[in-house]
Every structure is written in C-alpha cells, then in structure tokens.
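Engineer: Just passing along the structure, written as structure tokens.
The values are calculated or read from the model by the stated rules, or taken from the named source; none is laboratory data. What you see is a predicted model, and the numbers here were worked out from it, not measured in a lab. Ideal geometry is used to build each Cβ from the backbone, glycine not excepted, and the neighbour counts take in all protein chains shown. Just so you know, the surface numbers come from the protein's heavy atoms only, side chains and all, with ligands and any DNA or RNA stripped out. Shrake-Rupley method; radii C 1.70, N 1.55, O 1.52, S 1.80 Å.
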Amino acid sequence: MGAVPAFNLAPDLEVSKLCLGTMTYGEQNSMRQSFQLLDHAFDAGINFFDSAEMYPIPQRPETQGRSEVYLGRWIRESKIPRARVVLATKVAGPSGQMTWIRGGPKSLDPTNILQAIDHSLRRLQTDYIDLYQIHWPDRYVPMFGETEYDPTRQFCSVPVEDQLDALGRAVESGKIRYIGLSNETTYGVMKFLQAAEKVSYHPRIVSVQNSYSLLCRTFDSGMAECCHHERISLLAYSPLAMGILSGKYFSPDKGPKDARLNLFRGRYSEGESRYSLSNRIIEEATKGYIDIARKCGLHPISLAIAFVLRNPLVASAVFGATKPWQLQEVINGCQVELTDETVKEIDGVHRMFPNPCP
C-alpha cells in the first residue's frame, strides 16, 4: 500500500492506517483542490476515505452533502476501481439546528437511517458503502468538549434494536458492508454489541470513531478496555486537534488567516468549544509537544500522527488536510517510530496537562 501501512478492519476489509477525512471539501477546498488532495493520498497508499451526510463544516444548507459529492465524482472521474477504495460515511444524529437534513433530523429511527443511506449512495455515485457510521448517539451524551454526564438532560431516544434493524436491512440488501459508531461511550458500544448478539440479522459494529490525540487521550480511560476485549477498532479522528498540534495558532502571527479556527471564528461552535485558542492549558500543552518534536527533529504534525498510530487499538487515524504539504507531513508520520524516551517525555507533558481538548 505504498508509504502508508494497512490494517484489517474486518476479515475482508483492509484499510490504510491513515484515513483522509473530507469535511473541508465543498467549503475550504474547491472540487479541483479536493481532487488534488485525494490523488496525492491515493498515490501514497491511502485507500480509506471518510465523509458524512452533514459535511462540509461549518454546516449550512447551501453546502450540505458536497463532501460526499466531491468524493464520489473523484472516484468516477479518476476511473479508480471501486474495490480499491474503502468509503466510510455517517448518518447525522438528532439535531435541532440542521433543519435542512430530514427536518432536524429528529431521531435515528429506521426511516431516517434508511433515507440517509439512500441519499449518501446517490451523492457518492456508488452501489454500496463499506463502513456506515452513526455520527453521534440518539440519546443525550456529553460530547464535543463536555465531560460531565447530567442525568436530567436525557431525552426520549430510539431503541438500539430499532437502529440495528434498519442497519441490518441495509446490510442484507448490499447497500452497506459494515457498521460503526462515532462520538460514542463505553455504555453505548456495549449496548450495540449486546443487541447484535440477540438477533441473528443485526450487524455487529466493527469500529468506533472517537477523538484521540496528544491533547485528548480520554479513550484510554475505560473505552480502551472495552474495545480491546470486544475486538472493536478505534478510528481516531482529530489526531491533530483541529490543527492545533501543528503549532500554527500559537505562532507570532496566530496562524494563517485561512486556517480553520481563524477562518470560521464565531461560526463553528462545536469546534471552538473543544479547541479553544484562548485556553492557556491547551497552549502550554501544545508548546510542550512541539518542543519534543523539535528535539526529535520532527515536524509537530508527524509527531502527533506517530503518537496516535502507535496505539495498538487504532486501526486508522482520520485526519483532514487542506493543503498538499499538510497531507505529506501526516504521511511522513507513518514512517516515524517513537523511542521509549520520547514516549516518556510525551507522557510527562500529558501528566502536567491531561486532556485539555476532551
């Protein structure tokens, strides 16, 4: 697979250890720029590409679905055999804000799930999706910067069994091959696994796509044990903490004007709540990791990627890149093997500043 190693996510599903996310396609990246990045990634051995029905980000009705459209057109126009590409996408969970997606969507009931699958297939111009994921749970869960569970915020939710019924029907019809979860908890993973054991046609989840980086290691506390024993792989999203770990936002000029947290300041509440540039702890932790990278002669991006990929439960790191040089630095991170001494230094920074971007 070229410069990027591979991992067997399922018996007949080999994915690259890097997964190119497409959440900037159709907003920060034009179609031509998106195709250039996809070409570069594929030539380097990346066969795994992740999208979502709500992308690009920041979400708005005028652009919804463009990321899937661009990805589908790239495969068609590049004439790449479909079997050589692993496509992952996601169905949006309950949202009172994105009213342009199925009127909310109000829930992840079977009708919403099956409709979302058909819409994604049409935008991607494909007959099947390799990995279909629930973007966030159909129940209250503290996420996107929240860390404490509040039992008073629970709302009426669709039973896991009903969600698996719909996903099972899609698997049986050949529309999707495997299913996964995202932004999930240990409780949620176990509920889906238990429900799948009870009904023969309910598919078993193979992955969970959660945030994991030098600035967010919450997966290691609880979820890691669950995934290890239940043979669930982690797709580690935001391995660069939305670009913060590159160090660009803490440079004298505060980073390029077209960098995401500068370009969309005040328009991207989910990202800004978790990756606050005014948080001194985030800044101090990031500077600590950058110092380690310099000592090792590495770009901070490569250090951050190497750290994520050394976790044996990580099947693939799901990353975004808006420029070719950023993509190349991520690819370079695949070739880096961190020494025990470097890992000790990383752990030292982590102990001082644990998980500032949960």
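Engineer: Identify the residue in the range 232-280 that is over 27 Å from Arg294 (Cα atoms) and more than 19 Å from the chain's Cα centre (by Cα) and, among all such residues, is most open to solvent (accessible area, probe 1.4 Å).
Structural biologist: Restricting to residues being over 27 Å from Arg294 (Cα atoms) and more than 19 Å from the chain's Cα centre (by Cα), the top hit is Arg265.
Engineer: Let me ask you something else. Every residue in the range 129-151 that is open to solvent by 60 Å² or more (accessible area, probe 1.4 Å) and more than 20 Å from the chain's Cα centre (by Cα), please.
Structural biologist: Glu148, Tyr149, Pro151
Engineer: Out of the residues in the range 202-218 that are crowded, with 18+ Cβ neighbours inside 10 Å, touching a residue at least 40 places away in the same chain (Cβ under 8 Å) and not aliphatic (A, V, I, L, M), state the one that is nearest to Arg169 (Cα to Cα).
Structural biologist: His202
Engineer: Could you list, in sequence order, all residues of the range 152-170 that are among the hydrophobic types (A, V, I, L, M, F, W, C) and crowded, with 17+ Cβ neighbours inside 10 Å?
Structural biologist: Val158, Val160, Leu164, Ala166, Leu167, Ala170
Engineer: Let me ask something else about it. Among (1) surrounded by 15 or more Cβ atoms within 10 Å (Cβ to Cβ); (2) closer than 25 Å to Asp50 by Cβ, where does Pro324 come up short?
Structural biologist: (1)
Engineer: For residues in the range 262-281 being polar (S, T, N, Q) and part of a helix (DSSP H, G or I), which is nearest to Phe144 (Cα to Cα)?
Structural biologist: Going through the qualifying residues, I end up with Ser273.
Engineer: Starting from the range 164-184, take each residue that is small (Gly, Ala, Ser) and list its partners that are part of a loop (DSSP other than H, G, I, E, B) and open to solvent by 40 Å² or more (accessible area, probe 1.4 Å), counting only C-beta distances under 8 angstrom and pairs at least six apart or across chains.
Structural biologist: Once the first residue is small (Gly, Ala, Ser) and sits in the range 164-184, its partners that are part of a loop (DSSP other than H, G, I, E, B) and open to solvent by 40 Å² or more (accessible area, probe 1.4 Å) give Ala166/Asp109; Gly168/Val199; Gly168/Tyr201; Gly174/Asp127; Gly174/Tyr128.
Engineer: Here are Ala293, Ala304: which of them is open to solvent by less than 40 Å² (accessible area, probe 1.4 Å), free of Cβ contacts under 8 Å to residues at least 12 places away in the same chain and in a helix (DSSP H, G or I)?
Structural biologist: Ala293
Engineer: Of the conditions (1) among the hydroxyl-bearing types (Ser, Thr, Tyr); (2) outside any helix (DSSP H, G or I); (3) more than 27 Å from Cys227 (Cα to Cα), Ser316 fails just one. Which one is it?
Structural biologist: Here Ser316 meets the rest and fails (3).
Engineer: Still on this structure, please answer the following. Of the residues in the range 329-355, how many are open to solvent by less than 70 Å² (accessible area, probe 1.4 Å) and in a helix (DSSP H, G or I)?
Structural biologist: The qualifying residues number 13.
Engineer: Of the residues Ser120, Ser182, Ser173, which single one is polar (S, T, N, Q), open to solvent by less than 20 Å² (accessible area, probe 1.4 Å) and out of contact with any His (no Cβ under 9 Å at 6 or more places or on another chain)?
Structural biologist: Being polar (S, T, N, Q), open to solvent by less than 20 Å² (accessible area, probe 1.4 Å) and out of contact with any His (no Cβ under 9 Å at 6 or more places or on another chain) holds for just one of Ser120, Ser182, Ser173, which is Ser120.
Engineer: If only one of Glu172, Glu148, Glu161 is of a type in the set (D, E, K, R), over 17 Å from Ser95 (Cα atoms) and at pLDDT below 95, which one is it?
Structural biologist: From the options Glu172, Glu148, Glu161, the qualifying one is Glu148.
Engineer: Does Glu284 satisfy the criteria of being free of Cβ contacts under 8 Å to residues at least 12 places away in the same chain and either assigned to a helix (DSSP H, G or I) or buried (at least 17 other Cβ atoms within 10 Å of the Cβ) (or both)?
Structural biologist: no
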